[in-house]
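The values are calculated or read from the model by the stated rules, or taken from the named source; none is laboratory data. Not measured: the values here are computed from a predicted model. Here the Cβ is made from the backbone with ideal geometry for all residues, glycine too, and neighbour counts use every protein chain on show. Side chains included, ligands, DNA and RNA excluded: accessible areas come from the protein's heavy atoms. Shrake-Rupley method; radii C 1.70, N 1.55, O 1.52, S 1.80 Å.
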Amino acid sequence: MKSSRVPAELPAFYANALPGLESIAADEIQRDLGGEIKRTERGLIVFKLEHLDESILNLRTTEDVFILAWGTDALTHRAIDLKSITHWSRKPDWKRLLSLHHSVQPKTKGKPSYRFVCQMQGTHVYQRKQALKAMAEGIRETDAIPASWKMVEENGWLEIWLSIHKERAVCGIRLSDRTMRHRTYKTEHMPASLRPTVAAAMVRLAGAAPGMTVLDPMCGAGTILAEQIELSKLRRAGRIETWGGDLDMNMLRAAVTNLKKLGPCLLARWDATKLPFGASSVERIICNPPFGKQISDPESIKPLYRYFIKECNRVLKPGGRVVLLVSDQPALREAIEHTSWSATRQYSVEILGQGATISVWQKPA
Ligand SMILES: C[S@@+](CC[C@H](N)C(=O)[O-])C[C@H]1O[C@@H](n2cnc3c(N)ncnc32)[C@H](O)[C@@H]1O
């Protein structure tokens, strides 16, 4: 009789997303990676996969991605948690989890290095370092990490993270590295430049299709345009035209540097309140205009938004969509009142320590 081997079910995975963007990240995990979402919490998405390969590292709206070793909602904030953390950290089949990590990570040169990390939010009677020690103790008891491996303080080849948020804790092996959240294209960092994962979320919300033109009228260092180009490449669909510009020449130079290796993009110096295009020339506009506190006179944000939105409305085709990130949503709404756009979705996020809103607008066809 033939024996058939059923592949062992994979453990769960989890990803961190910027608070406010969890549903967009969950959508990406589901649609682009084929994951099954098990749970979505503040800043956290737990999911299952049928197959694990490098494509998990292509996620663009997540900050980090991990193999789940254990998780709990039952922390008490008292010292007894430390014993529980050691106990829970002893239980997983670490050898299997490590072999999954090795199947995705490129082989390390020389002696493998490892690092334990603990992040903690909320008030607990114990300190972060004590929680870290409790986790490390449990893992060491399993002998999963060979004694010959080198423990490091930064950038380990293998990283095991414990993240505590109030009563919730998740422990897992990190599959991503810093390039998931920072990207490799972003060599020029300008003040007020957007976090790539936020730009990626805005690009997803815009949902441009091949053959369309996407415009960022105040492109700064070009993060939104870069994310649009990268997403189109990843999807291997037809080409999407990308146009961007800025009033500030230094910003434009940064955009040219950041975008030059990614793909074609039209970049020019312009005033976003007087764009050099005819009426109805673009299908999508994605932009984060200056926040009030970024300009010398915060009161000038209202007229800037008013003239900017008027110009966006002129160049946007009927049926077009606009995705904007601002901190002063009332000022934006006031400016949009003069158009026929309707609001379709809104997400509250925190950018550079202040509350902001991503909103999606539709121009009638
Ligand atoms: C918040 S930043 C955009 C950051 C950009 N998304 C990035 O990731 O780098 C706002 C940008 O708007 C530009 N800006 C302000 N007023 C403008 C105007 N009237 N026309 C064009 N650009 C303008 C600023 O120079 C700045 O680069």
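Roughly how tilted is helix 196-206, in degrees to the nearest 10 and between 0 and 90, from the longest Cα axis of the chain?
It is inclined by approximately 60 degrees.
Taking Cα pairs under 8 Å and at least six residues apart, what relative contact order does region 183-362 come out at, in percent?
RCO, region 183-362: 20 percent.
Might you work out the accessible area of S281 for me, using a 1.4 Å probe with all protein chains in place, and round it to the nearest 10 Å²?
Probe radius 1.4 Å; accessible area of S281 about 30 Å².
For region 39-111, which trypsin sites (Lys or Arg not before Pro) are both in a DSSP coil and crowded by at most 11 other Cβ atoms within 10 Å?
Qualifying residues, ordered by number: R78, K107, K109.
Among Y14, T142, W161, pick out the residue whose Cα is farthest towards the positive end of the charge dipole of region 13-180, where Lys and Arg carry +1 and Asp and Glu carry -1 on C-beta, about the Cα centre.
So the residue furthest toward the plus end is T142.
Suppose only helical runs count, i.e. DSSP H with n ≥ 4. What mean residue ellipticity at 222 nm does that imply for the chain under -39500 (n - 2.57) per run, divided by all residues and rounded to the nearest 500 deg cm²/dmol?
Value at 222 nm, helices only, nearest 500: -9000 deg cm²/dmol.
Take the Cα atoms of the chain, find their three principal axes, and give me the spread along each one in whole Å, biggest first.
67, 56, 38
GNM, the chain, Cα, under 10 Å: largest mean-square fluctuation among N58, N288, N16?
Checking each option, the largest mean-square fluctuation is seen for N58.
Using only Cα atoms and rounding to the nearest 10 degrees, what angle (0 to 90) does helix 80-90 make with the longest principal axis of the chain?
Result, in degrees: 80.
When the dipole is taken about the Cα centre of the chain, and only Lys, Arg (+1) and Asp, Glu (-1) are charged at their Cβ, what size is it in debye, to the nearest 20?
720
Among DSSP bridges having both ends in the chain, what percentage is antiparallel? Round to the nearest 5.
Once the DSSP bridges in the chain are tallied, antiparallel ones form about 60 percent.
Give me the percent of accessible area attributable to carbon and sulfur for the chain, probe 1.4 angstrom.
50
With every protein chain kept in place and ligands, DNA and RNA left out, what is the accessible area per residue of region 13-180? Probe 1.4 Å, answer in Å².
That works out to 50 Å² per residue.
Tell me which of I336, P264, V214 sits at the most positive position along the dipole axis of the chain, charges placed on C-beta atoms (Lys, Arg +1; Asp, Glu -1).
After comparing all options, I get P264.
For the pair Q119/R269, report the inter-label distance in nm, with labels modelled 7 Å from Cα in the Cβ direction.
4.0
Pop the C-beta distance of E337 and E154 into the FRET formula with R0 = 56 Å and round what comes out to the nearest 0.05.
In this case the efficiency is close to 0.65.
Probe radius 1.4 Å, ligands and nucleic acids left out: which of C265, C171 has the largest accessible area, and how do the rest follow?
In descending accessible area the options line up as C265, C171.
Mind checking region 156-207 for chymotrypsin sites (Phe, Trp or Tyr not before Pro) that DSSP puts in a loop (not H, G, I, E or B) and that have at most 15 other Cβ atoms within 10 Å?
Answer in residue order: no site qualifies.
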